[in-house]
Amino acid sequence: MEKDMTKEYSNGEITIVWKPSVCIHSTMCWKKDTGLPEVFNPRLKPWIRPEGASTSKIIEHIKKCPSGALSFYYNDTAPESPSVISNTRIEALANGPLLVYGNITIKDSQGSEIKKSNVTAFCRCGQSGNKPYCDGSHVKHNFKG
């Protein structure tokens, strides 16, 4: 899969944007208890079907995406940055990443800075191939913590 590939799916009102290289496979978008399986279903092709639910329900679920791999824009306006969370909050997911909600600046070991907003998932298991970010490796390595 091409590293910076982006896929878009529209229901006419909004366009759902999916960046597979950012996805940590949390399953929050499609699992029955937390997700919206009538829109997000990895067993189907395409796996995103925006006609499966109302625009407001889709937006509500996209905003819960812990990696930011899912975002959206309204079709009557140009794509813009996702809505920004004003208060910073940190949450450790059981057996998963550390989620940071809000506006943050990440400085790498070479001094380069990257600005992130909404939700950023950081690796806690030490196995990610995309450190400091989570890439879902905790599942494969049965991380507990």
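The values are calculated or read from the model by the stated rules, or taken from the named source; none is laboratory data. As the structure is a computational prediction, the values presented were derived from the model and not from experiment. So basically every Cβ, Gly included, is an ideal-geometry build from the backbone, and we count neighbours across all protein chains shown. Accessible surface areas use protein heavy atoms only, side chains included; no ligands, DNA or RNA. Shrake-Rupley method; radii C 1.70, N 1.55, O 1.52, S 1.80 Å.
Odds and ends about this structure:
- Matching option when the condition is open to solvent by 70 Å² or more (accessible area, probe 1.4 Å) and of a type in the set (Ser, Thr, Tyr), among 88, 55, 34: 88
- Only one entry of 115, 57, 45 meets the criterion of being in contact with a strand residue (DSSP E or B) (Cβ under 8 Å, 6 or more places away or on another chain), farther than 24 Å from residue 138 by Cα and basic (Lys, Arg), and that entry is 115.
- Taking the criterion of being open to solvent by less than 70 Å² (accessible area, probe 1.4 Å), within 21 Å of residue 64 (Cβ to Cβ) and assigned to a loop (DSSP other than H, G, I, E, B), the residues of segment 91-127 that qualify are 93, 95, 96, 97, 102, 117, 118, 123.
- Residues in segment 44-77 that are in contact with a Pro (Cβ under 9 Å, 6 or more places away or on another chain), on the phi < 0 side of the Ramachandran plot and in a loop (DSSP other than H, G, I, E, B): 63, 66, 67, 69.
- Here residue 63 meets the list (1) modelled with pLDDT under 90; (2) open to solvent by 40 Å² or more (accessible area, probe 1.4 Å); (3) touching a Leu at 6+ places or on another chain (Cβ under 7 Å) almost entirely, failing just condition (3).
- If you go through segment 4-35 and keep only what is within 12 Å of residue 72 (Cβ to Cβ), without any contact (Cβ under 8 Å) to a residue 60 or more places away in the chain and in a strand (DSSP E or B), you end up with 8, 9, 16, 18.
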